[in-house]
Amino acid sequence: MIQRIQSVFLLILVIAMISVLFLPLWAKTNPQTGEEVVLRAFSLAAEPLAVTDSATAVATSSINTNTMVIGALAILVALVALYEIFQYKNRFTQIKLGLLNTLLLAALLGTIFYYSSYIGDELIKTDTPGKYQAGFYLPILGLIVNSLANRFIKRDEDLVRSVDRLR
């Protein structure tokens, strides 16, 4: 089970999706006010960098958007990958779960991009663009290791079918 290379790739996918839950995904800073908007898996919130007066602190603390969809998709991808590891006896089911994970990862990337490009950019109106943080690149890593796992699962299935033909 774990000694197979596709199981290692799927375990890397699970670890990457759990990391998405805790790492920042995107951030944008307003240099004039010192306000920073940070996108995380469960929230898009403004964090004051330097509080100059109490009016600025009140204004920045009120910006908070719920992004539970990102966290839910990351958890769902991790659970599907974990379930896929333990389906090693049924490779066809593993292939189908891998395709489902590819769709879920694409939806996760699209959701992160939507919240960062459209919702987050509207919160701070500056000419400076936001910066993608470490958590944004983990779903891309997840897509890569998921496709590698699917390739090795398919290769195992082809090997078993070729041996069945020889019998």
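Just so you know, in segment 80-91 the residues that are touching a residue at least 40 places away in the same chain (Cβ under 8 Å), assigned to a helix (DSSP H, G or I) and more than 16 Å from the chain's Cα centre (by Cα) include one that is surrounded by the most Cβ atoms within 10 Å (Cβ to Cβ), and it is E84.
Residue check: Q94 meets all listed conditions (1) out of contact with any Asp or Glu (no Cβ under 6 Å at 6 or more places or on another chain); (2) surrounded by 14 or more Cβ atoms within 10 Å (Cβ to Cβ) but one, namely (1). Pairs meeting the criteria (first residue in segment 105-132 and within 14 Å of E36 (Cβ to Cβ), second residue part of a helix (DSSP H, G or I), beta carbons under 9 Å, at least 6 apart or on different chains) are S116/F136; P129/D121; G130/S116; G130/S117; G130/G120; G130/D121.
Scanning segment 141-164 for residues that are of a type in the set (G, A, S) and buried (at least 17 other Cβ atoms within 10 Å of the Cβ) returns G142, A149. With the requirement that a residue be within 15 Å of the chain's Cα centre (by Cα), over 13 Å from L79 (Cα atoms) and surrounded by 20 or more Cβ atoms within 10 Å (Cβ to Cβ), what does segment 7-21 give you? V20, the sole residue that qualifies. Within segment 22-79, the set of residues being assigned to a loop (DSSP other than H, G, I, E, B), at pLDDT 90 or above and surrounded by fewer than 18 Cβ atoms within 10 Å (Cβ to Cβ) comprises L23, P24, F42.
The values are calculated or read from the model by the stated rules, or taken from the named source; none is laboratory data. Owing to the predicted nature of the structure, the values given are computational and were not obtained by experimental measurement. Heads up, the Cβs are rebuilt from the backbone with ideal geometry, glycines too, and the neighbour counts pull from every protein chain shown.
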